[in-house]
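Structure record follows, encoded as structure tokens.
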Amino acid sequence: MISWTAARLRRDGDDEGLTLVEVIVALLVFATIIAGSIAAVGTVLSMTADNREREVASNLAQQAIDVARDEAVTNIVDQDENVSSPVVNDVKFTVRSVVAWVTTKGIDTKCTVPATSGNGALLFRRVSVTVTWDGMRGTTKPVRADTVVSPTSKINDPTLGTVLISVQSVRGTGGVGGVTASIAPDTTVSPNTATVVPAAGQPGRTNNDGCTVATKLSPGSYTVTLSPPAGSQYRDPLQAPNPVKRSITVAAGDSSGASFTYDPAMDAQPSYASNLSGGFAIPKDLTTSFVSSYGATTITPPASDVYLSPVPSGYQVYAGLYAPAGTVSPTTGADTSCLSTDPTTWPAKPGTTLTAPGTAVVDAANPTSPAPAPVNMGGTTVTIPKGDTIIQAVTTTPANGDPGCKATQTLTITRTGNSGTGTADVKIALPYGTWGVRSGTSLANLRAVSLKDVIGGLLGTGTSTNVVTIDPRLAS
């Protein structure tokens, strides 16, 4: 080979070298080798870094276990989920500690039980720690560490029972902490062997998991009542500020539960007749209906602030009483539905545009912040004697497509009467529906009025000229 190469070099006039193809092939082979080497080096470096981070994660997991054990010595009942984000060697780690009760029946739960009885007594706490970090390889599993901690003092008595109380958010964000739960014998149950729970035996405030526990309760039937932190407004989805769970049965050597949905309230701020212009008078006893996926809640009289559960889907807001079809009186069984106030229940009408209901929507970033709540209404002008101080509107026989209101609504507008004779025109705002309107100087001497300039309504649809249909379907 060497002699052949030397012979080529000695050839006179032979200036032949490597061809372009040979150079390209050589470069391609070289590039392939280099790319593979770089990839291999990158993989080795990534695995080295991953192993280093995994070692740090193992130490962080063990530290979290040690913290949980120390905390259990004085605070095992109130232990809750904890998430921290330490930075080590410029790498951010996420350490999540999850705590749950384990009962003598093997039930593993944060603060609820699957059945009303037969759940067993609280035995110990299970602590599970998971550590992840930024830049983890896709094939790398989180570091996990588990332990159990036992109470340092006796929290159970074979002759007594326990109630686990859970408070969760309607927004699906987990537990609600800082809520006070109080427990007392259920006075609606008789006979009842439950005994009064002294202040020292009451459960503590809920932790960040929304959990608290009442222990060493005498067997019997109890109620659990929630209270918000001092100075705060909280509501459950049925708008109860202090929701109550009744008939919580406590059995000897067993655990029962009471679960709530309860949140810091959103502040809905109604603006009445905001769809009208020109200074319409609002009835002083007007009912406002807020309707969510959990049902309707009403407030009377008009208010500037209405505290509501921060239901994610929000509320439709109606002037007047709203009761869905099928609503009946709990005492008489009579139909008490009221659909007129909901514009969406009115049938379509050619040449008109429906006035949509107002809405109040919670601010996801700041659920307790004020939420505008427009209350759309119809308006009309009534001509009354100058001296009349009261205008009264009463729901009457529905007309012109009004879906009707079985529950009679009576609304009152007061004004300062004018001296002298003659008449005065007064603009009034009313909920959607069919109304009979009268006026007078007192409720004892009311008389029919004349109506004109109806916004969202038709005149003379009843048996007399003082009947008006306030219609959400306006001419297009």
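The values are calculated or read from the model by the stated rules, or taken from the named source; none is laboratory data. Here the structure is a predicted model, which means the values were calculated and not measured. Every residue, glycine among them, receives a Cβ derived from its backbone with ideal geometry; neighbour counts consider all protein chains shown. The protein model used for the area step is the full one, side chains on, heavy atoms only, and it has no ligands, DNA or RNA in it. Shrake-Rupley method; radii C 1.70, N 1.55, O 1.52, S 1.80 Å.
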*What figure in square angstrom, to the nearest 10, would you give for the accessible area of SER293 with a 1.4 Å probe?*
90
*asked:* Straight-line reach from LYS245: which aspartates and glutamates fall under 17 Å, measuring Cα to Cα and dropping same-chain residues less than 8 apart?
replied: ASP186, ASP236, ASP263
*For ASP285 and THR421, what is the calculated FRET efficiency with R₀ set at 25 Å and r taken between the beta-carbons, to the nearest 0.05?*
0.25
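Given a Förster distance of 51 angstrom, what is the FRET efficiency for MET136 paired with THR187, based on the Cβ-Cβ distance and rounded to 0.05? Mind dumping the intermediate values first?
Values: r = 56 Å, r/R0 = 1.10.
Approximately 0.35, to the nearest 0.05.
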*With everything on Cα atoms, drop me the angle between helix 20-75 and the longest principal axis of the chain, reported from 0 to 90° to the nearest 10.*
60
*Over the chain, what relative contact order in percent results from Cα pairs under 8 Å that are six or more residues apart?*
10
*asked:* 7 Å from Cα along Cα→Cβ at both GLN63 and SER117: what's the point-to-point distance in nm?
replied: 4.9
*Inverse of mean 1/r across different Cα pairs in the chain, Kirkwood, Å*: 29.0
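For segment 331-476, with only Lys/Arg (+1) and Asp/Glu (-1) charged at the beta-carbon, what is the dipole magnitude about the Cα centre, in debye rounded to 20? Present the calculation step by step, with values, prior to reporting the outcome.
Numbers: 9 positive and 8 negative charges, 75 e Å.
With Lys and Arg at +1 and Asp and Glu at -1, about 360 debye.
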_VAL21-ALA448 pseudo-label distance in nm [points 7 Å out on the Cα-to-Cβ vector]_ = 11.0
_At 0.36 nm per residue, and after removing the present C-alpha to C-alpha distance, how many nm does the segment from SER277 to THR332 gain when stretched out fully?_
15.6 nm
*Full extension from LEU238 to ALA407: what is 0.36 nm times the residue separation minus their Cα-Cα distance, to one decimal in nm?*
58.7 nm
*Farthest toward the dipole's positive end in the chain, which of PRO198, GLY420, THR162, given Cβ charges of +1 (Lys, Arg) and -1 (Asp, Glu) about the Cα centre?*
GLY420
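Go ahead and run the numbers for FRET between THR353 and THR389, Cβ-Cβ distance against an R0 of 51 Å, rounding to 0.05.
Details: r = 37 Å, r/R0 = 0.72.
In this case the efficiency is close to 0.90.
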*Roughly how large, in nm² to one decimal, is the mean projection of the convex hull of the alpha-carbon atoms in segment 316-435?*
11.4
*Can you pull the one-decimal nm distance between simple spin-label points at ASP70 and TYR294, each 7 Å off the Cα toward Cβ?*
4.0
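Determine the calculated [θ] at 222 nm for the chain from helices alone, applying -39500 (n - 2.57) to every DSSP H run no shorter than 4 residues and normalising by the residue count; nearest 500 deg cm²/dmol.
Numbers: 2 runs with 65 residues, N = 476.
Calculated at 222 nm, the ellipticity per residue is -5000 deg cm²/dmol.
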